[in-house]
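Read through the structure below, which is laid out as structure tokens, and then see the notes.
The values are calculated or read from the model by the stated rules, or taken from the named source; none is laboratory data. Keep in mind it's a predicted model, so treat the numbers as computed, not measured. Quick reminder, even Gly has a Cβ in these numbers, built from the backbone with ideal geometry, and neighbours come from all protein chains shown. Quick note on the areas: whole protein, heavy atoms, side chains included, nothing else; ligands and nucleic acids left out. Shrake-Rupley method; radii C 1.70, N 1.55, O 1.52, S 1.80 Å.
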Amino acid sequence: MMPMMRATEMKKRESNGRQRAAHMPTRLRLLETLGLVPALALVPLLMACPASSADVRPPDDQFFFPTGTAISPDQSALFVANANSDLRFDSGSISVVDLEAVKQIASDWLADDQVPSGLDCEVDKSFAYTLVCNEAEVVRADATVRTGNFATEMGVQELDDGSLRLFAAVRGDPSLTWIDVDADSQSLECGGSGPVPRCDNAHRLSRMRNDADVGNLASEPFGLYVDSVGGYVVITHLVAGAVTLADAPSDGGDPILADVLGGVFQPDPVTRVSSALGARGRTPGGLIYVTSRSEDRVQMFSVARIGREYPSLVPAEFFFLRGVAPSDDGRGIRFSDDGNQAYVVNRSPASLQVLDTSIDVTGKVRNELLRPV
């Protein structure tokens, strides 16, 4: 089994990283060193042209670098994470797409093969079977909220009372951001106020167990798996090969970062970076599979709760992706509804590996390759 680190050691490593960062040149100094801008001339220019909050506030009805999506269980709403990857605005955002409106536009177009009147839509000039519309036609502007920059994956949790909660992995904070979804209006609520409200600190989880002495959330949260049955969220991290567990009570109690394991995967031999990426549960409340882009291995976990204040991650078995060598850049992973097949997307070499994840006569998961594509 690979060496693993808990929250205290992760905190020590992040502290060392912050000390190193304190000695790095600022962006302004770096540009001056490279001779790209006269640093002193830049300062009065910035002082003379301050941007107002409205100038840098992200739009409430547009996508900008969308990176993650999640759909409501009744398929009436699509949640879209806008990462703000070029830092044009002061934050990222999450938009709500009215899928009933999308369906109506498509139905009207197909009914008479005419672009619906009064809408900002047009037929794609290269692909006549595609109708291209301004997303403002279907985005619920009054429901948009702001998050940190560089959001990635999202997931939806169904609570006991039937309401929904949305989770997003945000690299810029870094944080696990959680948002309540109004059951009737499908608007988003995360503690902010004013135009395009920004999620407050209570909804951006960044400290383990909300305790500074325990440690902070590992950097680069990336992959996300929300388990409504188990009442937890699994977060993977693009660096340090870390996997974090958040307790997400199904009764509507506030989520909390509960446990973390570092060093789950070996570093890439070239980049020397260890990475955990895709995460998915075989079945709700069951085994969790995590892929890596630094190793051709899939690590399995279970979640333990009995007799514990906080749930914890328990490493289980692991297996190697050997369908297409070396398969050491695993990305997304998904399961069939019954959990008997897994589909792992690998970036290098580009492939989709289909695995038999059914239970054998001894009660173990087979984890055997069926076919690579």
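Summarising the label geometry, the points placed 7 Å from Cα in the beta-carbon direction at ASP124 and THR362 lie 5.0 nm from one another. On the accessible surface of the range 278-335, probed at 1.4 Å, how many percent belong to carbon and sulfur atoms? Using a 1.4 Å probe with all protein chains present, the range 278-335 comes out at 52 percent carbon and sulfur.
Local charge for PRO221 was computed over the other residues whose Cβ lies under 12 Å away, with Lys and Arg +1 and Asp and Glu -1, and equals -1. Ordering 139-147, 317-325, 74-82 by mean Cβ neighbour count within 10 Å, with the highest value first, yields 139-147, 74-82, 317-325. Positive-end ranking of THR147, THR130, SER107 along the dipole of the range 86-154, with charges on Cβ about the Cα centre, is headed by THR147.
When every Cα-Cα distance of the chain is counted in 10 angstrom steps from zero, the calculated P(r) takes the values 5, 20, 28, 26, 15, 5, 1, 0 percent. Computed from the C-alpha gyration tensor, the three semi-axes of the ellipsoid equivalent to the range 311-373 are 21, 15, 11 Å, from longest to shortest. Its alpha carbons give the range 144-270 an Rg and a Dmax of 14.6, 51 Å.
Computed packing ranks the peptides 282-290, 148-156, 95-103 as 148-156, 282-290, 95-103, most packed first, by mean other Cβ atoms within 10 Å. Only bridges with both residues in the range 117-206 count here: give the DSSP antiparallel percent, nearest 5. So the antiparallel bridges amount to about 95 percent of the total.
Quick one: pull the percent of accessible area on the range 49-165 belonging to carbon and sulfur, 1.4 Å probe, ligands and nucleic acids left out. Intermediate results must be reported in sequence, preceding the final value.
Values: 3090 of 6140 Å².
Here it works out to 50 percent.
In this structure, the amide hydrogen of TYR232, modeled 1.01 Å from its nitrogen in the peptide plane, lies closer than 5 angstrom to those of ASP227, ALA248, counting only residues at least 5 positions away or on a different chain.
Inter-part distance, the range 137-186 to the range 59-87, computed on C-alpha centroids, equals 9 Å.
The convex hull built on the alpha-carbon positions of the range 264-364 has an orientation-averaged projected area of 7.3 nm².
Under 5 Å between amide hydrogens, built in the peptide plane, is the criterion, and for GLY68 it picks out ALA81 among residues at least 5 positions away or on other chains. Across the range 229-241, rounded Karplus estimates of 3J(HN,Hα) from the backbone phi angles (6.51 cos²θ - 1.76 cosθ + 1.60, θ = phi - 60°) give 6, x, x, 8, 10, 10, 10, 9, 10, 5, 10, 6, x Hz, Gly and Pro being marked x. Computed over protein heavy atoms with a 1.4 Å probe, the accessible surface of the chain works out to 50 Å² per residue.
Go ahead and estimate [θ] at 222 nm for the chain from helices alone: -39,500 (n - 2.57) per DSSP H run with n ≥ 4, summed, over the residue count, rounded to 500. Only helices count here, giving -4000 deg cm²/dmol.
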